[in-house]
There are 4 protein chains.
Amino acid sequence: MKDVSQEPLPLLAGRGAESHKGDFGRVLLIGGAPGMAGSIAMSALSCLRSGAGLVTVAAPAASAPVVASFCPVYMTVAIGKAEDFRESLEAATVVAIGPGLGENWDTLLPLVLAANKPTVIDADGLNALARGSMLENVHARCVLTPHPGEYGRLVGDASLAAKATGDDAERVEAAGVLARRSGASGAVLLKGARTVVADGERHAINKTGNPGMATGGSGDVLTGVIAGLMAQGLGPFDAARLGAHVHGVAGDLAAARLGQISMIATDLIDELPHAFQRLDPTPF
Amino acid sequence: MKDVSQEPLPLLAGRGAESHKGDFGRVLLIGGAPGMAGSIAMSALSCLRSGAGLVTVAAPAASAPVVASFCPVYMTVAIGKAEDFRESLEAATVVAIGPGLGENWDTLLPLVLAANKPTVIDADGLNALARGSMLENVHARCVLTPHPGEYGRLVGDASLAAKATGDDAERVEAAGVLARRSGASGAVLLKGARTVVADGERHAINKTGNPGMATGGSGDVLTGVIAGLMAQGLGPFDAARLGAHVHGVAGDLAAARLGQISMIATDLIDELPHAFQRLDPTPF
Amino acid sequence: MKDVSQEPLPLLAGRGAESHKGDFGRVLLIGGAPGMAGSIAMSALSCLRSGAGLVTVAAPAASAPVVASFCPVYMTVAIGKAEDFRESLEAATVVAIGPGLGENWDTLLPLVLAANKPTVIDADGLNALARGSMLENVHARCVLTPHPGEYGRLVGDASLAAKATGDDAERVEAAGVLARRSGASGAVLLKGARTVVADGERHAINKTGNPGMATGGSGDVLTGVIAGLMAQGLGPFDAARLGAHVHGVAGDLAAARLGQISMIATDLIDELPHAFQRLDPTPF
Amino acid sequence: MKDVSQEPLPLLAGRGAESHKGDFGRVLLIGGAPGMAGSIAMSALSCLRSGAGLVTVAAPAASAPVVASFCPVYMTVAIGKAEDFRESLEAATVVAIGPGLGENWDTLLPLVLAANKPTVIDADGLNALARGSMLENVHARCVLTPHPGEYGRLVGDASLAAKATGDDAERVEAAGVLARRSGASGAVLLKGARTVVADGERHAINKTGNPGMATGGSGDVLTGVIAGLMAQGLGPFDAARLGAHVHGVAGDLAAARLGQISMIATDLIDELPHAFQRLDPTPF
């Protein structure tokens, strides 16, 4: 695999004067079961802050009002209302599944994969993927975002799983193996101090971020950022790479302002605008 | 139609020392069905931030508590409680209908139109208007705020609809046609990069705003602003024209602070106070 | 009646090093029926920001969760749970009743008056007082805070009611008449551009504030401030006088920051800390 | 008992580059009954702001959605779902019980104590301890955080209770007696103007803080801070001592910004990041 870490970061196209919100995608985010409503809410808000045009959250009916209460901008739909859910899925140009989804909605992932849209699979979405042995159904427009534990469950191979916590070279190898093993080489983002992004042919190692980001909800934010970038036209590898970079910059800004001890995931969201404003054609 | 774009912006009267909240109107905003509660909440908050004295949201009973949770200042009433709704409508001096209303409340629009009050019709309110072929029931105190898609559904004429996405002259023509076709020439605000306001006899083209405003909820904010201005005595054309201007300034301030990628609709609301503070008797 | 407008404002005692929260009172605020939950929430938050030690809101069971969702600091109790309500009333050192109470809870006012505690009666509490012809049950520890409309309903006398909207001298007379007519000369705060406070023997006219405060919820904030001051030991007249002053300063700070058009009631709450920090032994 | 007040404050270990959220603990906070949902929410947010990796709140099913609505970062679990609660307790590395727990959940404390994890017992948790005469079940990894009233109920001895409000020497004695009397000398934090921390062998007196902190919810914040510090590896005495210090610094920062009258408990949470940023190896 080619190391593209030193190549310029992918860029979002500028916004034409005649743009309307439909030009920046319709994202459907699926998750937020009772007790975890905040997870998908953080993804959704991060997705909006990353430039998506329209964002809808699909959550179980019992938690949808809690999801809704966090932010008036995104819409919600009850997962259990099958027709509403299906309509939302059809209308979406990008899908993200997993944050706070829990273990009771494994039937959704096959529907999402069958829709064949740009898709981010995270957290309980990855666990559903492992439980359902559906790795071969993953397609080329997917981004998988496992941490090493989720990675191990996905590959079901102890020596490979060990590499996911190894040095950079081992982690690059591990990410590449998963990308090639899944259906058609979508991108894999393997979380860690130095996050690796790979799509089977190329890889990059992210340099931004700090250990203050080791706090609950940090990954939910990343999911939303990547989905938002895909909604604006970036491909899986580029969206994952730029997303990891911006997410880390937001973390560095939060740490500078609040300290590594006290910073929490919502601080990352608050810093996303400033992180995007710092984007430059060259990586840093 | 006369082009008044270069004429001074309409102004709100100053607030007399003896003012009380009743002097600044009672606005009833109707919308916010389940899953879209935030839409009407953003309209209501924008209406307050635009100077309305008292604001009430009418929403379905299932979503009213979510609407209420976003802001303690406005009141809520359940649409389904027919007598409460009727009382609220009677008490209102201005009505806005549409943001997040959904497709299940088309029976409300005839009641609103029959009340013959200064009224903003937006979003699903416009769709209800189209579905019910009620264009001729629109009266002279109404402001219609379609984007080109909604415009097309309202006029049901492909060549006219095409003009709504054309150049300035075509869009002015399209807005004027709709204003004259509706019952008694209320104002039409046709959304786009350069928003057009027309009432059949005159028109103006708005110059403020930027493509970062192409994001979900931006129109909900505009609806609230226009309703708030009407509550303070501006007529339909003036309220739509000044509303488009202030809305765009708020967007420009948000873009300067947060960037076009990351700005979202609630940022527009946060900037409304600063936008109003910049108002000047001359347009810019 | 003696005009004490030029005398120094009453002051809160400093907080001793050994203070605990019980030293600053337990306030029970009653109101916030469905659709108006935000009213009592604003009173409660204002009460906390004015220095009260412990604050509880009693609201109907249906709206109590919405009230609770606005702020984690105060507690809530369901009005309808009679024993819980009675316990809360017994535990309180100060009571406020009215903001958003609606018309269905007139039975509460007699209980509150019978408890004979420092009490603020506002809004629907005043309407209940008028409907129940209970003016003679008002006791010397009460503050009534009518606007001219509520005043008229309380006195039931058209010529007196007209004075409530007259010049300063007429308004002072009107306030004094009500203070003397109610049971035992508690204080009356008659709202208006220049708010009058009177207790039958003395009066003061407030000079702070601006017409930007003519916006929904402004009065709810004032109710909370006065209750908070009573919780720290001020008597009815002093609490009403200092409360009107601080409330107006908060309004002036909000207007300076956000403008008279855009300022809303929650901005007043945000400015209360700064208003209290400006307090000085001499009026301004 | 040795006075260690002049010894350097305990420090949190720095965060290694390879850290992940699991390194900073999983905290389960138990409380927040209906009407008091905000109490445990403030503890949970404070816990996150003090560096805990993952935070879950266990609350009654009726109030869990209100708890959840305050912050999207922590998770919630319904106390009454016995298996879910048991799983959460097993997964936790630190437990805190008490803020807003009410009187109906006394059966939880024995389960918590039997789990033998680092545990903070506060507020209604202390009352449950007193009601159940379970002082001897307290173990060496517990921190008890009584104010003098709760202290009195725990020791059931009037002359000892009187010492809890006495001078520094008496309060140190009182705290030490309770620490030795409980099962195995965990730490006791006795609240007051000068908070005392003791574990039976040593004690320290806190010097930070001010009487503006005598406001509802201040103790809920402290509980969250101590639990968060334990989640990062501090023992009971060190966590209580550092927690009291940081809590007081946050209070001093809030007072400087907002004044002692107006500051409320959520302001303490807002200042926690700045308080942690000021930490220094030497006490001040």
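Brief remarks follow.
- Number of positions in the stretch B:35-55 that are buried (at least 24 other Cβ atoms within 10 Å of the Cβ) and either modelled with pLDDT under 95 or not hydrophobic (A, V, I, L, M, F, W, C) (or both): 8
- Qualifying residue in the stretch C:78-100 (condition: modelled with pLDDT under 95 and among the hydroxyl-bearing types (Ser, Thr, Tyr)): no
- Residue ranges of strands (runs of 3 or more DSSP E) in the stretch A:19-96 with at least 2 members within 14 Å of chain D (Cβ to nearest Cβ): A:54-59
- Residues in the stretch C:169-183 that are surrounded by fewer than 20 Cβ atoms within 10 Å (Cβ to Cβ) and among the hydrophobic types (A, V, I, L, M, F, W, C) were compared, and the one that is nearest to C:Lys2 (Cα to Cα) is C:Ala169.
- Test: B:Phe70 is of a type in the set (Phe, Trp, Tyr) and over 16 Å from B:Val221 (Cβ atoms): no
- Which numbered condition A:Met230 misses (of (1) more than 10 Å from chain D (Cβ to nearest Cβ); (2) of a type in the set (A, V, I, L, M, F, W, C); (3) in contact with a Ser or Thr (Cβ under 8 Å, 6 or more places away or on another chain)): (3)
- Qualifying residue in the stretch D:261-274 (condition: surrounded by fewer than 24 Cβ atoms within 10 Å (Cβ to Cβ), within 14 Å of chain A (Cβ to nearest Cβ) and under 20 Å from C:Ser46 (Cα atoms)): yes
- Restricting the stretch C:106-123 to residues that are in a loop (DSSP other than H, G, I, E, B) and crowded, with 17+ Cβ neighbours inside 10 Å, the residue that is modelled with the lowest pLDDT: C:Asp106
- For A:Gly186: the one exception among (1) surrounded by 24 or more Cβ atoms within 10 Å (Cβ to Cβ); (2) away from chain D (no Cβ under 14 Å); (3) at pLDDT 95 or above: (3)
- Only one of the numbered conditions (1) farther than 19 Å from A:Ala52 by Cβ; (2) in a helix (DSSP H, G or I) is violated by B:Ala254, and that is (1).
- Top-ranked residue of the stretch B:124-139 - restricted to ones that are part of a loop (DSSP other than H, G, I, E, B) and surrounded by 17 or more Cβ atoms within 10 Å (Cβ to Cβ), ranked as farthest from the chain's Cα centre (by Cα): B:Met134
- Test: residue in the stretch D:96-105 that is buried (at least 17 other Cβ atoms within 10 Å of the Cβ), among the hydrophobic types (A, V, I, L, M, F, W, C) and farther than 26 Å from D:Gly80 by Cα: no
- Taken residue by residue, the stretch D:264-271 has at least one member that is of a type outside the set (S, T, N, Q) and touching an Asp or Glu at 6+ places or on another chain (Cβ under 9 Å).
- Boolean, A:Leu242 is more than 8 Å from chain D (Cβ to nearest Cβ) and part of a helix (DSSP H, G or I): yes
- Members of the stretch D:140-168 found to be within 25 Å of D:Gly233 (Cα to Cα) and surrounded by fewer than 24 Cβ atoms within 10 Å (Cβ to Cβ), listed by number: D:Ala140, D:Arg141
- A single entry from C:Arg257, C:Arg278, C:Arg202 fulfils the requirement of being without any contact (Cβ under 8 Å) to a residue 24 or more places away in the chain, surrounded by fewer than 24 Cβ atoms within 10 Å (Cβ to Cβ) and either over 24 Å from B:Phe276 (Cα atoms) or within 14 Å of chain B (Cβ to nearest Cβ) (or both): C:Arg257.
- Of all residues in the stretch D:1-20, those that are under 30 Å from A:Thr165 (Cβ atoms) and in contact (Cβ under 8 Å) with a residue 40 or more places away in the chain have Cβ atoms under 6 Å from Cβ atoms of residues that are surrounded by 17 or more Cβ atoms within 10 Å (Cβ to Cβ) and polar (S, T, N, Q), 6 or more apart or on another chain, in D:Leu12/D:Gln232.
The values are calculated or read from the model by the stated rules, or taken from the named source; none is laboratory data. Nothing here was measured: the structure is a model prediction, and the numbers come from that model. A quick note on method: Cβ atoms are made from the backbone with ideal geometry, for glycine too, and the neighbour counts reach across all protein chains shown.
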